[in-house]
Every structure is written in C-alpha cells, then in structure tokens.
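The values are calculated or read from the model by the stated rules, or taken from the named source; none is laboratory data. Values in this document were obtained by computation on a predicted structure and should not be read as measured data. Here the Cβ positions follow ideal geometry from the backbone for every residue, glycine too, while neighbour counts run over all protein chains shown.
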Amino acid sequence: MTRACYAEHRLMQKVFTLMMVAVLLVGAGGPASRVQAAGTTITSMAYFSAADGPVISKSGVGQASYGFVMPIFNGGSANWADVVDDLGVKVKTGGNWVDIDSVGGYVYNQNWGHWSDGGANGFWFILSATTEIQLYSKANGVTLNYTLAFQNINETTITAMSPTQGPQITAGFTGGAGFTYPVFNNNPAIPYAAVANDLKVYVKPVNSSTWIDIENNAASGWIYDSNFGQFTDGGGGYWFTVTESIHVKLASKTSSASLTYTIVFNEPVRNSYTLTPYDGTTYSADASGAIGIPLPKIDGGAPIGTELGNFVYQINIGGQWVELGNSSQSGFLYSGNGYNNMSASNQWGYWADYIYGLWFQPIQENMQIRIGYPLNGQSGGSIGSNYVTYTLIGNPNAPRPDETDQEDIDIGTPSDPAIAGMTLVWQDEFSGSQLDAGKWNYEQGYYIGNDPNSWGWGNAELQHYTNSSQNVFLQDGKLNIRALNDPKSFPQDPNRYAQYSSGKINTKDHFSFKYGRVDFRAKLPTGNGIWPALWMLPEDSVYGAWAASGEIDVMEAKGRLPGTTSGAVHFGGQWPVNRYIAGEYHFPQGQTFANDFHVYTLIWEDDNFKWYVDGKFFFKVTRNQWYSVAAPNNPNAPFDEPFYIIMNLAVGGHFDGGLSPDPSDIPATMQVDYVRVYEENGGGGNPGNVAVTGVSLNQSTAQLQVGQNVQLNATVAPSNATNKQVTWTVSNSGVASVSQNGVVTGVSPGTATVTATTADGNKTAVCNVTVVSTTIVIGDSVRGLKKTGDNLLFYVNGATFADLHYKVNNGVQLNVAMTTTGNGNFTYPVNNLQAGDTVEYFFTYNPGQGALDTPWQTYVHGVTQGTPE
C-alpha cells in the first residue's frame, strides 16, 4: 500500500502538530518572543530538534520524501515570516554550494518546497540520491547545513509476516491506536518500502464477517490521513482512529501471507455526568501565546469522541458568561484546521493526543473560561452548576500576526461603480423588472441528482429552491431572495418534505472569471438557521468533485449572529477529505448586517485572497495555505481556474449547527443592490502567468545496465515561470521505463529516447538512453574501473604493487592498498553507489620501472560512459 509523496509531507505536518500539543500541555517556558518587522536579517540559525538535522536519513524504492521544521532563527526571537526575505537555499553540486533555483532538476513545488501547518513551517524535498542542503542568510552569510541521506531499496514480495507490536492493541480515549510494521519474510532488515506495493490493508468491526478494503475507499468511511494513515517514527507503521473495536488485516497481494490485529475500543460506562478537572484549572500561555487545556473528566474518566458535541464552552466577558462560539461577543474565532497565522484574531479549536482538549492562541491577557456538560448526558440538557472554570494566564509579549500591511480599499457608490485604478468587467444593478436571464440561471429542487441521501443539498438544509417570483424577484432596484413556509416533497423520497422554499441563482455558462475583485452590496435577514451567501464554484471541475476543485465564499452569515459575517475557501480533496480556512468580520458597535446595506468585497489574486466589508480589510489566505490533492505539483491549484458566481438564501444546514427557524423568522429576505466584478487597469494587478520558453535536461545521453536507475532532472526556463510542471515519456518501454520524477530504469538491452515535456507550451528536451547487460569498462588495458550495476571494481594490471586514492562526493580521501589477483594484477571494489554519486580517484603503482602517480580522474555514477567488456 503506497501513497503519493504529498501524503507523507502532510503526515509529517500531522506528527508535528501532535508534538506541539505536547508542548502546549507541558506549558513551555523560556523568554517571550516579540513580533519583528518583516525583513528581519538572520543572525543565527539552530536546528529545531534532533530529528530536524543535521542528518536526516530515509530509504525508498527509487526516491524518498524528506521534511524538516524551519530552524530556530536569531535565538528564537524571529520566525520564518520575519526572515523569509533573507533566507535562501543552496544545494551542494560538484563540491560547490549553488543556489537551488540555478541547479537543474530542482523545481519548486514539484520536488521541493515549503510546508505550513498550524503556525509551523518547514521545507520538504523528494530525492533519489543523498543530497546536501544549505540554508543561508542573503545579508550576512550565516549558514546551516543539512545532509539528506538516501538509501535505495530493491522491491520484493511478501511471503511471511510476524508482528512487532500487538496483535491486540487497546485504543486511547480518542480512539487512537497504532502498530509498527511487522517483520517481513522473517527478515527484520526488509523495510516497509520494499514491500509496500505488495501490501493491502483490510478492516472489519469485530462483530462483522466482511472485510473492507480501505485503500481509496472513502465511501466505506475509512479516509486516509483522517481516521487512518501511516507514521514514520521508529521505522513506521499504521495508525487508526476508531469508535468501536475492529480487526485490521495486512495481506500480501501475491501470496497467502497475512497478519490480523485487533484494536480494542473500550466505551466508558457513565454512572453520572459530573465534571472534574483533568489535571488542573490554571494554565499559562507560552512564548507564542498558545495554551492547551485537556477537557475535563466525565464521571472520573476522559471524554470520548461521541461526547464532544455535548460540551458547552463559555468565556467571561465583563462579568458575564457568553458562548465561546459567538465570536462577535467572545472575541474568539473557531479555527477548525489549526491556528491561522495570517489572522490577528484570537483563535480556538480542538486537539487530540490520547485525550481531547482545547487550544487557544494568542492569549495575551488573563481571562476565564468554563466548560459545562448536561447533567443528563444529552445535548441541550440542563447543566446546572456542572461546570469547571479555568483561568488562562496571558503572555502580553506573545506575537500576534501583523495585519497593518493590509490596507483598506475604496468602494463604489450605489449610483457610481467607478473605482480608481479598476476596470469594471461585469455587473448587475438589478434595475429592471425581472431577473436578467442572459446573466443568471435558477437552481431548483432539494436533492443533488437522484440520490435520496443527498436531501437538503447534501448539507441537511431545509429549503427547496424554485424559480417562482415569490422567492426571487426585483423590486425598487433591488434583487430579493426570499424564504417562505412552503412544504414540498420530491420523487427521490416522497415521504420527506422540505419545509421551506427559497431562491438560488448563478452565472454558470454566462459569466466566470479568474483573478479580480467582486463587490456585493446587500442587506441580510436575521433568524435561527437563516443562511445567506454569495459564493463561487469552478466553471469546470478540472481537479475533481467538491472540494478538490475549490470553493470561494465571498460572504456567508448566520442569521442568529447579526454582528458577524465570514469569508472562506474550501480546497484539498473530494469530500470527505476536503479542508477549509475561514475568517470573520465583526461589525462596529451599533451596526449589523440587517440594519443597513453593506458592501462585501473579495480580491482574488494568483497567490492570495483578501476579504473586506465596507472597504475594511479583515481576512487573508495565501497560496501556501491551500492545495489540491489532484494536483500536488501545482501550487496554484485549485484556484487557477475560472469560477462563476452564486447567490442563495438557505435555511438550516450544518453551517450553524442544524438550527431551525422560529416561526417569527420566516419569511426571511436577502436584498441585493448590486454585484460588480472588476480587474485592475491593464488586465490585472497580480503578476499574471509567466510563460515557459524552454526546458533542458541535466544530461543528453545516459548509459545504464538492466535494472539500474539514473536520475534525469529537467530545468524549465525562465526560472520564474508560473507553471514548471513536466511530464516524462519514453519511446521504447521495452528498453527503459521512466517515472514522473525523471527516474529512468533499464529494462532490457537496447536504445530509447526519454522526453521531458512542459505542461505549459509543450516544450521538450530529450535524453538518448543506452541500456546494456554487460560490465562497462572505463579505462584501458593497464588501469581503470569496471562498472557492474551499482558496484565499481578498480583495477591495475602488470604492476609490482598498486594503491588506490579516492573520495566519494567530495568526502574524506581514502588511501587503500589494492588486492593482488595474481600475475601482477590488482583490484579494489567500491560498492553500492547511487545515481549521481561522484568518485574522484588516482592510482599509485609500480609497473617495474619505479612508482608513479596517475592524474586525478572523475567518475559520475549513471553519467560517465564506457565500453562493454
């Protein structure tokens, strides 16, 4: 069972996040850090931890993925955001340090790049040979070196497995459990990577007789990197998050070998629902302003996942306890995907590491929160005095992201759309008597297609959409979208009724755009479960179904919270492995989204989104924060395609916890004054696409043996091209194969042409490959070397003695006496080389007339060519 490299990259982020949880629980001390101005110069760098340098070793079949956390900058007083403009990356090549952008074969976001997760940052690389990396200060030359050591592994199949842990394992309170990889083929030296392609994983509940193949089977409920996955520490293994006891079976695809584990989940028996602190009630913020609190015990035991939804969280504001989730009152924004270091808001969320808890960041002031639980154990039940109160001790010096560089913007007026520096490219002022069918489509119904399980648009919404003038109409220069009491059933499930009707319109096939600005002036309705929205979806879902191809929310609002609106982007994979990042705007005192019209603005550039209300900036998301599972090598995906506009008024649904309206909340009407789309004068204010002009390879010819690998690296020009992605093909797959990372493998003797083709412009470069099955000689009849596979045999003939002097990859020079084979002939082996390894060497020998030294010679494995023996 194998996964794409980005999965391991994200797994490393997950492991780091759990490590940060441990730090939060301990409450790390040390000096407080202050936010430094952008453009800080690096004065020192230190490895983040022993696992993050100086040497990181990995093994793999042909290649391996590496990652490490950014070093500690300036003794901890600066972070990556502070020093990013001063930080460079070099690679050692030919004994010299060269900037990575100048080295052929290194393509940003294709085989190296940055990762960011929960406020932490680092680098990742995909390599097929041992590589030396250097981080350096552009200003003063401070450096920090890393060796990313690679060991190539030959694939094999599984004939036997025996457990290294278990086979019975007890899950923790969060349902978390795991086990290290078994011993394969009774040989502890065989790593997982050697058998990964022969291994399948199956799961079944202990009371079931049906095994479930969980690989790429989200429909089963088993989702990789969500409730199961792989870890790399300690040799690696599998982890699972369970809600019941299960069996896990590892099985060979090619033999009958299998191994079954049992993960036991003990659901607690509650005699009462009384809360007590887990391990204390006072917690202090660390240098980053982060605090982690374990959830209180229920009846003396830690809570499990099914109980989380029953908890109540409140914060003391001016002597009054208010709901933590009501951000307009609490001042805290819920961040479901971890701390967003682009937002200056106070944030909170859940963490899970054996037990469940809450995190808060950045806490700069002292405050009190309390956590309650219903006395009857049922959501919404009476809590009485069943609370635990916590004191959070703030760190006044904790950093808060600097948003001062996000300037407010000018907006047009209801009668004049003109904005300096902007060109209006599309608009609807709703000044007619009916909706313009040349601009808008109606969406109708209650289901997605014919699936009866997709009722409520797959989101448990309570409204059906119509094209009725009762739900969508123009009046007094305004678009009105109105929700009414209007029960209706549909053929997909005649017994289920949508209790309300409403309107939803879109511009699909009429208007879509990529990059620009959209302004939307509206007055929104209030009420429980009332959900007005202006948002966008891709014209063509080129990266797959929602949300792999993205969603952009310009504005969403919860009717019960009229002081708050939000913006968001959705991305990642197809449901249910989608991700989102959201930010909230809080109206000034005395204003709400319902008491007047407000202008909601999104500015979309190729590398970021910014949100505004009435021209006031409140939220930003950058390219480093989003991704698409379908395009791991495309940093802009999925937000590099045209999107169309949608407006609707929903009722109920998951957005606000499934609330239903009170009778007085219906009818509810969203009024829209205008929708306007702009681009900056000159066709856009973002850099735009930089076209590819050419591509070259690190070698135009290569000679290798059957079964041997050689790494080809493509360099795309210019160096700042927007899309550097290339694809690899081979003219004769019977002679050689090529991976999409440029690794060429000899299959049988012959010749073939390997071609690299750019995704942008179809530019090509070729390498002519010769595959041989015999030993290759590089030298003459007296001295030289013989290459067989990845092994070298140095030789000297007709001498009274012979010494070899050599160094590998500019390492320490080794001086060795060569071994006599008789008749005045001498040899010495140097084995297990990897593609690209450089061996420099010379001989000292006596041919009978006195000792002599030969000149230095250089051999590059997989590049230097010779003649068949």
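Could you grab me the full set of residues in the stretch 295-329 that are under 19 Å from residue 351 (Cβ atoms) and buried (at least 21 other Cβ atoms within 10 Å of the Cβ)?
Residues satisfying the conditions are 295, 296, 298, 303, 315, 324.
Among the residues of the stretch 98-121, write down those that are modelled with pLDDT of 90 or more and in contact with a Phe, Trp or Tyr (Cβ under 8 Å, 6 or more places away or on another chain). Write out each step before concluding.
If we filter the stretch 98-121 for residues that are modelled with pLDDT of 90 or more, which is where we start, we get 98-100.
Answer for the stretch 98-121, where residues must be modelled with pLDDT of 90 or more and in contact with a Phe, Trp or Tyr (Cβ under 8 Å, 6 or more places away or on another chain): just 100.
Taking only the stretch 41-61 into account, find how many residues are at positive phi and in contact with a Ser or Thr (Cβ under 6 Å, 6 or more places away or on another chain).
The number of residues fulfilling the criteria is 0.
Take the residues in the stretch 79-97 that are at pLDDT 85 or above and small (Gly, Ala, Ser), then tell me which one is farthest from residue 726 (Cα to Cα).
The extreme case among them is 95.
Working only within the stretch 835-862, note down all residues that are under 27 Å from residue 704 (Cβ atoms), touching a residue at least 40 places away in the same chain (Cβ under 8 Å) and surrounded by fewer than 19 Cβ atoms within 10 Å (Cβ to Cβ).
854
If a residue must be part of a loop (DSSP other than H, G, I, E, B) and either hydrophobic (A, V, I, L, M, F, W, C) or within 28 Å of residue 863 (Cβ to Cβ) (or both), how many such residues does the stretch 120-143 contain? Talk me through it step by step, then tell me what you get.
First, pick out the residues of the stretch 120-143 that are part of a loop (DSSP other than H, G, I, E, B): 128-130, 138-142.
This time we only want the ones that are either hydrophobic (A, V, I, L, M, F, W, C) or within 28 Å of residue 863 (Cβ to Cβ) (or both), so: 128-130, 139, 142.
So the answer is 5.
Which of the residues spanning the stretch 261-275 are within 37 Å of the chain's Cα centre (by Cα) and either part of a strand (DSSP E or B) or polar (S, T, N, Q) (or both)?
Answer for the stretch 261-275, where residues must be within 37 Å of the chain's Cα centre (by Cα) and either part of a strand (DSSP E or B) or polar (S, T, N, Q) (or both): 261, 262, 263, 264, 266, 275.
Just give me the residues in the stretch 445-471 being in contact with a helix residue (DSSP H, G or I) (Cβ under 9 Å, 6 or more places away or on another chain) and hydroxyl-bearing (Ser, Thr, Tyr), in sequence order.
Across the stretch 445-471, the qualifying residues are 446, 447, 465.
Which of the numbered conditions does residue 401 fail, given that it passes all the others? Conditions: (1) touching a residue at least 24 places away in the same chain (Cβ under 8 Å); (2) part of a loop (DSSP other than H, G, I, E, B); (3) out of contact with any Phe, Trp or Tyr (no Cβ under 9 Å at 6 or more places or on another chain); (4) farther than 29 Å from residue 627 by Cα.
(4)
Filter the stretch 224-235 for residues that are within 15 Å of the chain's Cα centre (by Cα) and outside any strand (DSSP E or B); which is surrounded by the fewest Cβ atoms within 10 Å (Cβ to Cβ)? Before you say what the answer is, go through the steps one by one.
From the stretch 224-235, those within 15 Å of the chain's Cα centre (by Cα) are 224-226, 229; that's our starting set.
Filter once more, so that each one left must be outside any strand (DSSP E or B): 225-226.
Numbers: 225: 19, 226: 13.
Restricting to residues being within 15 Å of the chain's Cα centre (by Cα) and outside any strand (DSSP E or B), the top hit is 226.
Quick check, is residue 800 of a type in the set (S, T, N, Q), more than 29 Å from residue 64 (Cβ to Cβ), modelled with pLDDT under 85 and assigned to a loop (DSSP other than H, G, I, E, B)?
When the stated conditions are applied, residue 800 does not pass them.
For the stretch 717-764, which positions are farther than 23 Å from residue 860 by Cβ and hydrophobic (A, V, I, L, M, F, W, C)?
717, 721, 759
Restricting the search to the stretch 534-562, which residues are surrounded by fewer than 20 Cβ atoms within 10 Å (Cβ to Cβ) and among the small types (Gly, Ala, Ser)?
The answer is 541, 544, 545.
When the residues of the stretch 564-598 are filtered to those that are buried (at least 22 other Cβ atoms within 10 Å of the Cβ) and of a type in the set (A, V, I, L, M, F, W, C), which remaining residue is farthest from residue 669 (Cα to Cα)?
Result: 571.
Which residue is surrounded by the fewest Cβ atoms within 10 Å (Cβ to Cβ), if the candidates are limited to the stretch 45-98 and must be charged (D, E, K, R) and within 19 Å of residue 809 (Cα to Cα)?
The residue in question is 92.
Restricting the search to the stretch 527-563, which residues are at pLDDT 95 or above, of a type outside the set (A, V, I, L, M, F, W, C) and over 17 Å from residue 629 (Cβ atoms)?
Passing the criteria: 532, 553, 556.
Please go through the stretch 93-110 and pick out each residue that is over 17 Å from residue 623 (Cα atoms) and not in a strand (DSSP E or B).
94, 95, 100, 101, 102, 103, 104, 105, 106
Any residue in the stretch 216-242 that's of a type in the set (Asp, Glu): show its pairings with residues that are part of a loop (DSSP other than H, G, I, E, B) at Cβ separation under 8 Å, as long as the two are six or more apart or on different chains.
Close Cβ pairs (under 8 Å, with a partner that is part of a loop (DSSP other than H, G, I, E, B)) amount to 225/577.
For the stretch 715-758, how many residues are touching a residue at least 60 places away in the same chain (Cβ under 8 Å) and assigned to a loop (DSSP other than H, G, I, E, B)?
8
Do you know which residues across the stretch 826-869 are within 45 Å of the chain's Cα centre (by Cα) and among the charged types (D, E, K, R)?
Residues satisfying the conditions are 837, 840.
Give the stretch 638-684 a look and list any residue that's modelled with pLDDT under 90, assigned to a helix (DSSP H, G or I) and crowded, with 17+ Cβ neighbours inside 10 Å, or say none.
If the condition is that a residue be modelled with pLDDT under 90, assigned to a helix (DSSP H, G or I) and crowded, with 17+ Cβ neighbours inside 10 Å, then 655, 656 are the ones that fit.
Determine which single condition residue 812 fails, assuming it passes every other condition in (1) over 29 Å from residue 707 (Cβ atoms); (2) part of a strand (DSSP E or B); (3) under 43 Å from the mean Cα position of the chain (by Cα).
If we test residue 812 against (1) over 29 Å from residue 707 (Cβ atoms); (2) part of a strand (DSSP E or B); (3) under 43 Å from the mean Cα position of the chain (by Cα), just (2) comes out false.
Run down 766, 754, 747, 782 and say which single residue is modelled with pLDDT of 90 or more, surrounded by fewer than 18 Cβ atoms within 10 Å (Cβ to Cβ) and outside the structural domain of residue 852 (by TED's automatic domain parsing).
Of the residues listed, the single one that is modelled with pLDDT of 90 or more, surrounded by fewer than 18 Cβ atoms within 10 Å (Cβ to Cβ) and outside the structural domain of residue 852 (by TED's automatic domain parsing) is 766.
Going through the stretch 622-635 one residue at a time, which ones are part of a strand (DSSP E or B) and out of contact with any Gly (no Cβ under 8 Å at 6 or more places or on another chain)?
622
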